[in-house]
Amino acid sequence: MRRASTRTRTALFAPFLPVACATLLLTACGSGAGPGNSSGTTARAAVDSGAIPTTDVVSGVHEDDTAAGLLPSGVTSLTVAVAVGGTPPGTTYLDDGRTLVGQDIDFANAVAKVLGIGLKTEQAGFEAILPALDSGKYDFGVGNFGVTDERRGSIDFVTYINDGQGFATRADSKPTEVTDLRQLCGLNIATGAGTTFETTLEKNAHVCADAGKKAYHVQTYSDPSAIWSSVQQGRSDVVMSTINGLRYAVAHQPGLKFLNEYHRLDVGFAFKKGTKLAPAFQAAVDKLIADGTYTKILKKWGTTGSAITKSEISPPELKD
């Protein structure tokens, strides 16, 4: 399905942690709700039932002089924009409504410790982060940003995992896999706004007309919990989202099934094009891989199947 490269992955998808997550019928476990948002009760219920792992895998990380030495002169602190929402391993809140947790948070904090810098974390909508990097509002962004050739034209990436695009639906739905987008013709497809999934679906919308079939309808949502509500209530037929996120949601929500992987993508920290921060971040990720912290983070979030063997700066998009 994907070309051979130095980005060798380990065996596909380790089992997820056992969980008994409450209030899962209509929303994903650990929605991205923040303070003052009523759907935050879902996130709190998830934590209360042990759904979100909180093992500390970062505090023991030490500064590495070699990696830190690659930082531009005078850099002591950076501002990171974090996309919050969805099921783990994506970023969500603990039950205090303030503490952010997730795989991206662990990686960002671990890299900062390797580089010996402070981080100022700001929450932002997924679709708003990449455009804001060019303005200098944020120094870098995290949010499971897939590395695509289109994005590489305006964004620099430093890779740290491999994830990609997949599909899920209700357990009682007919689809068993989606290997060709023509299999979606006539269906309502729920996905996140501003994502590679939306781009893929919109870019290929012509395939149904080309085949003489009814077009599929793309339904985009900024709130991940709304995606799952739409599917569970029958307003959407299929979800297109991250492979790891879908597997987690299906493992912890009754009445759903994972269909299949569709397209693998490397995932990276996102920066303004031409950033001088990339070499330091690449060295920091490689240091985490070498000292075992990297594996600890993946095991914590049940994503060992997304491991890479070395970090790369803006590599070409993985091709099927």
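Just so you know, all these numbers are worked out from the coordinates, no wet-lab data involved. All values derive from a computational prediction rather than experimental measurement. Glycine gets a Cβ as well: all are built from the backbone with ideal geometry, and neighbour counts include every protein chain shown.
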- Of all trypsin sites (Lys or Arg not before Pro) in the range 237-320, the ones in DSSP coil with at most 15 other Cβ atoms within 10 Å are 273, 276, 310, 319
- Scan around residue 311 for amide H atoms under 5 Å from its own, H built in the peptide plane at 1.01 Å from N, and keep only partners 5 or more places away or cross-chain. 286
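To the nearest 0.05, how large is the calculated FRET efficiency for residue 257 and residue 310 if R₀ is 35 Å and r is the Cβ-Cβ distance?
On the way: r = 34 Å, r/R0 = 0.98.
Once the sixth-power term is evaluated, E becomes 0.55.
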- Work out from phi, with θ = phi - 60° and the Karplus expression 6.51 cos²θ - 1.76 cosθ + 1.60, the ³J(HN,Hα) of each residue of the range 160-166, listed in order in whole Hz, and give x for Gly and Pro. 9, 8, 10, 9, x, 9, x
- The long-range amide H neighbours of residue 116, using H built 1.01 Å from N in the peptide plane and a cut-off of under 5 Å, are 64
- Message: What distance in nm lies between label points placed 7 Å from Cα along the C-beta direction at residue 134 and residue 174?
- Response: 4.4
- Query: Can you sort 286, 106 so the residue with the fewest Cβ neighbours within 10 Å comes first?
  - Reply: 286, 106
- How much space per residue, in cubic angstrom, does the convex hull of the C-alpha atoms of the range 165-263 take up? 83
- Too long for a 25 Å Cα-Cα cut-off, among 137/299; 203/299; 257/299, are 137/299; 203/299
- Backbone HN-Hα couplings from phi across the range 184-195 [Karplus 6.51/-1.76/1.60, Hz, Gly and Pro as x]: 8, 3, x, 9, 9, 10, 8, 7, x, 6, x, 9
- Going residue by residue through the range 276-292, the Karplus relation 6.51 cos²θ - 1.76 cosθ + 1.60 with θ = phi - 60° gives ³J(HN,Hα) values, rounded to whole Hz and with x marking Gly or Pro, of 9, 7, 4, x, 5, 5, 4, 5, 5, 4, 4, 5, 5, 5, 5, 8, x
- What GluC sites (Glu not before Pro) in the range 172-276 are in a loop by DSSP, with at most 15 other Cβ atoms within 10 Å of the Cβ? 177
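Among 223, 291, 180, 65, which comes first, then next, by fewest other beta-carbon atoms within 10 Å? Mind dumping the intermediate values first?
Numbers: 223 19, 291 16, 180 12, 65 8.
Fewest-to-most Cβ neighbours within 10 Å comes out as 65, 180, 291, 223.
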